[in-house]
Amino acid sequence: MAVKVLLTGASGYLGRYVLAHLRAQGCEVAVLGRSLPPGFEDVPLVHCDLLDGANLAEALQTAGASHLMHLAWTTEYGKYWTSPLNFRWADATLRLLQAFADAGGQHVAIAGSCAEYDWAAGYLREDVSPYAPATLYGVAKDATRRMAAALCAARDVSLAWGHIFFPFGPGEAPQRMLPSLVRVFRGEAPPFGVNVAAYRGMLPVPDAAAALATLLLQGCGGNFNICSGEPSRIGDVVATLARLCGADPAPVLALATARPGDPPMLVGDSTRLRATGWRPQLTLEQGLAAMVVPVPVTTKVTP
């Protein structure tokens with residue numbers, strides 16, 4: 001059976017990379033949403049406001065997709081952790097899955113979050129580490145994952161749920177740590193403190209997109225950490241980024257600070273993901289270098 005992918009959240013940070021990757025793989029892709037991202041005007045758009053959902057069933061029937069990649073959620077920087085829109089997106093996701101199953105869909109991949117886990121566990125493994133989200137966003141994702149799994153099992157639809165860990169690269173919100181540091185090291189902003197002793201599981205965004213696409217196209221089922229599996233010390237990340245910018249990291253390192261409740265380690269195990277054959281194509285330094293000299297998201301389709 002030919003693979004026909006329907007993608008939500010295509011205009012988001014991660015969504016643009018997922019769309020580019022699927023197209024580069026030669027997949028037939030349509031976007032479900034209100035608009036297309038810039039540079040992808042030739043992609044078919046199935047118009048639907050997912051939070052309204054008035055024409056959801058009709059839109060899914062029209063799309064006729066065999067595969068669904070669902071990335072859409074509230075992601076406004078600094079607000080999504082506590083936004084009441086989390087409730088609406090949980091509801092919208094379940095209605096979307098029901099409509100997809102009704103339209104004969106077979107495989108789904110959904111963007112979850114590392115925020116579903118109990119961060120006190122530090123090194124996190126799917127189906128082993130405890131789920132104990134500490135934020136409204138994490139609770140909403142966790143509840144959606146549980147209900148989505150039950151719904152898909154009842155409808156014989158395979159579901160891959162991706163716990164996403166800190167994708168980074170060109171196009172991410174400018175208020176986030178790495179773009180903010182680039183501005184500091186270019187002399188465009190004053191230094192600020194970061195938790196230099198903490199370890200995080202970071203992954204260049206093109207590799208995160210490829211991981212999600214792998215889960216979808218292989219029809220994988222279950223929970224998967226979308227991460228490198230390698231802990232990165234924030235102080236080392238700061239030093240590397242400063243070197244790539246030709247700057248001195250000392251002003252930032254001297255302001256080392258940790259916010260209350262900031263976990264000393266937050267890293268995912270990538271064993272299950274790597275068992276699919278996926279491997280990261282970029283090193284941490286290559287990913288950081290792309291933030292200094294951005295590489296545009298390509299819309300090129302491989303013949």
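Here, each number is a calculation from the coordinates, and none is a lab measurement. Keep in mind that this is a model prediction, so the values were computed, not measured. Counting neighbours? That spans all protein chains shown, and the Cβs are built from the backbone with ideal geometry, glycine included.
Give the shape of the range 116-216 as rounded, prolate or oblate, defined through the alpha-carbon gyration tensor: a ≥ b ≥ c are the square roots of its eigenvalues, a/c under 1.5 means rounded, and otherwise the shape is prolate if a/b is larger than b/c and oblate if not. Since a/c reaches 1.5 and a/b is larger than b/c, the shape of the range 116-216 is classed as prolate. Here the calculated FRET efficiency for GLN25 and GLN98, from their Cβ-Cβ distance with R0 = 30 Å, stands at 0.60, rounded to the nearest 0.05.
Extending 7 Å from the Cα toward the beta-carbon at both VAL128 and ALA173 defines two label points whose distance is 3.2 nm.
Taking trypsin sites (Lys or Arg not before Pro) as exposed when DSSP calls them loop and at most 11 other C-beta atoms lie within 10 angstrom, the chain has its longest site-free stretch at 80-299.
Overall shape of the range 184-282 was characterised from the C-alpha gyration tensor. The equivalent ellipsoid obtained from it has semi-axes of 32, 16, 10 Å, in decreasing order.
Would you mind calculating the gained length between THR271 and GLN61 on full extension (0.36 nm times residue separation, minus the Cα-Cα distance), in nm to one decimal? My answer for the length gained is 72.0 nm. When the Cα positions of LEU159, PRO37, LEU136 are compared along the charge dipole of the range 22-164, LEU136 comes out farthest toward the positive end, with charges on each C-beta of Lys, Arg, Asp and Glu. Checking every one of the chymotrypsin sites (Phe, Trp or Tyr not before Pro) in the range 126-220 against DSSP loop status and a limit of 14 other Cβ atoms within 10 Å picks out PHE192. Calculated mean residue ellipticity at 222 nm for the chain: -11000 deg cm²/dmol, from DSSP H runs with n ≥ 4 weighted as -39500 (n - 2.57), summed, divided by the residue count and rounded to 500. Backbone amide hydrogens, once placed in the peptide plane, bring MET265 within less than 5 Å of TYR199, excluding anything fewer than 5 places away on its chain. Considering only beta bridges that DSSP places wholly inside the range 49-199, some 10 percent are antiparallel. What is the distance in Å between the Cα centroid of the range 160-195 and that of the range 121-159? Value for the Cα centre distance between the two parts: 26 Å.
Of the GluC sites (Glu not before Pro) in the range 1-108, the ones in a loop by DSSP (not H, G, I, E or B) with at most 13 other beta carbons within 10 Å are GLU41, GLU76.
About its Cα centre, the dipole of the chain is roughly 260 debye, where the only charges are +1 on Lys and Arg Cβ and -1 on Asp and Glu Cβ. Between GLY78, GLY169, GLY15, which gets the highest mean-square fluctuation from a Gaussian network model of the chain, Cα cutoff 10 Å? Fluctuation is largest for GLY78. When the chain is modelled as a GNM with alpha-carbon springs shorter than 10 Å, which of LEU273, LEU94, LEU288 fluctuates the most? Most flexible of the set in this elastic network: LEU94.
Note on GLU188 and ASP262: the model spin-label points, each 7 Å out from Cα along the C-beta direction, lie 2.3 nm apart. Bridge orientation summary for the chain: considering DSSP beta bridges with both residues in this region, about 10 percent are antiparallel.
Once you divide the Cα radius of gyration of the chain by 2.2 N^0.38 Å, the number left is 0.99. Using a Gaussian network model of the chain with C-alpha springs under 10 Å, which one of LEU50, LEU282, LEU124 is most mobile by mean-square fluctuation? Of LEU50, LEU282, LEU124, the Gaussian network model singles out LEU282 as fluctuating most.
Extension gain, LEU36 to PHE87, is 15.9 nm, computed as 0.36 nm per intervening residue step minus the present C-alpha separation.
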